[in-house]
1. If you average 1/r over all unlike Cα pairs in region 72-162 and invert the result, what Kirkwood radius do you get in angstrom?
2. Using Cα-Cα distances under 8 Å and only pairs 6 or more residues apart, what relative contact order does region 102-168 have, in percent?
3. Show that you can apply the helix-only estimate: for the chain, add -39,500 (n - 2.57) for every DSSP H stretch of four or more residues, divide by all residues, and state [θ] at 222 nm to the nearest 500.
4. Projecting each Cα onto the charge dipole of region 153-260 (Lys/Arg +1, Asp/Glu -1 at the beta carbon, about the Cα centre), which of Leu256, Tyr230, Gly155 comes out farthest on the positive side?
5. Taking 2.2 N^0.38 Å as the expected size of a compact globular protein, what ratio does the Cα radius of gyration of region 168-219 give against it, to two decimals?
6. How high is the relative contact order of region 174-280, given as a whole-number percent (alpha carbon pairs under 8 Å, six or more residues apart)?
7. In whole Å, how far is the Cα centre of region 39-117 from that of region 163-201?
8. Keeping the other protein chains in place, figure out the carbon and sulfur percent of the accessible area of region 129-206, with a 1.4 Å probe.
Amino acid sequence: MESPTAYAGVSSVPRAVDTRRREGARLALPIWLSSGVTLFALIASAAGLFIPGVYRDAPTWAAQARGTDLVTLTVAVPSLAISMLLTARGSRRAGVVWLGVLGYSLYMYVISAFDVVFNPLFLVYVAVLSLSLFALVALLIRLDADEVQAHFDRGLPRRTTGGYLVGLATLFLLAWLRDIIPAIVRGNSPDSLNGTTLPTNPVHVLDLSVLLPLAALSGVWLWQRRPWGYLLAGALLTTLTIVGTSVVSGIVFERLDDATVSLAALPLLIVVTLAGLGLLVIYLRHLKSAAAVSSVDS
């Protein structure tokens, strides 16, 4: 006589398939929206990187844009596609990464839509911006912060991760104010705008108004063991790591275009970005599957 366990394994297969189908249905809207982000970001980054003359900006800004295109094409687009697929199959880790990549896409294409000189890709930039925004909102309301928190084990370096997010926000706040305050006092433009035709620095605007406050808040919430701190910390580590990589890439492209461009900030940016990547890997390792649930660190 066959043991009951022989049938248990068989009967669990339809249940697993049914669970995946329900998960796919629940995520249908963010998947469709994110698929559009993937497609249009692929078109925009590939065109900007490989088609001469797409960018009509000042050389320094065009070089930065091509550096960003390289990271978008080789890192962000594949990460978005893979994380969508794995999340639909039930991966909580992939869901956090998916959210973070959408944050990167939204950040970068706000800059492209508003501060890249009008070119044939303008409508593509607007499409990525719109789809990224709505995909991020649609995914955010479908992710359960309490469930994410409940699936962390005790080993998560909560204080270190939160400290990194708060410290990074403070570091760049001071760096941007160092560029902005003297310009206000002198009555001219910040040094970061030298060599461009931009009226203001879009990175200053986005960082000071959204990205840095959100990073600091998620770090504090993680210290306080709030569910949204656990979810947003992973998403922001993803966003900041890809943004940091694109900044490094942009500086390298600038240097290749103009040998007088300083590389003084490059070592610090590389260290900060690698530290964020390391913390992201550790974060994801401590986010467990349903079969390996442990209580949250006390």
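1. Here the Kirkwood hydrodynamic radius works out to 14.7 Å.
2. Values: 23 pairs, mean separation 22.4, N = 67.
Computed value for region 102-168: 33 percent relative contact order.
3. Estimated from H runs of four or more residues: -25000 deg cm²/dmol.
4. Gly155
5. Taking the Cα Rg and dividing by 2.2 N^0.38 Å, one obtains 1.20.
6. 17 percent
7. After rounding, the separation between the Cα centres reads 24 Å.
8. 65 percent
The values are calculated or read from the model by the stated rules, or taken from the named source; none is laboratory data. Here the structure is a predicted model, which means the values were calculated and not measured. When we count neighbours, we look across all protein chains shown, and the Cβ atoms used for this are built from the backbone with ideal geometry, even at glycine. Side chains included, ligands, DNA and RNA excluded: accessible areas come from the protein's heavy atoms. Shrake-Rupley method; radii C 1.70, N 1.55, O 1.52, S 1.80 Å.
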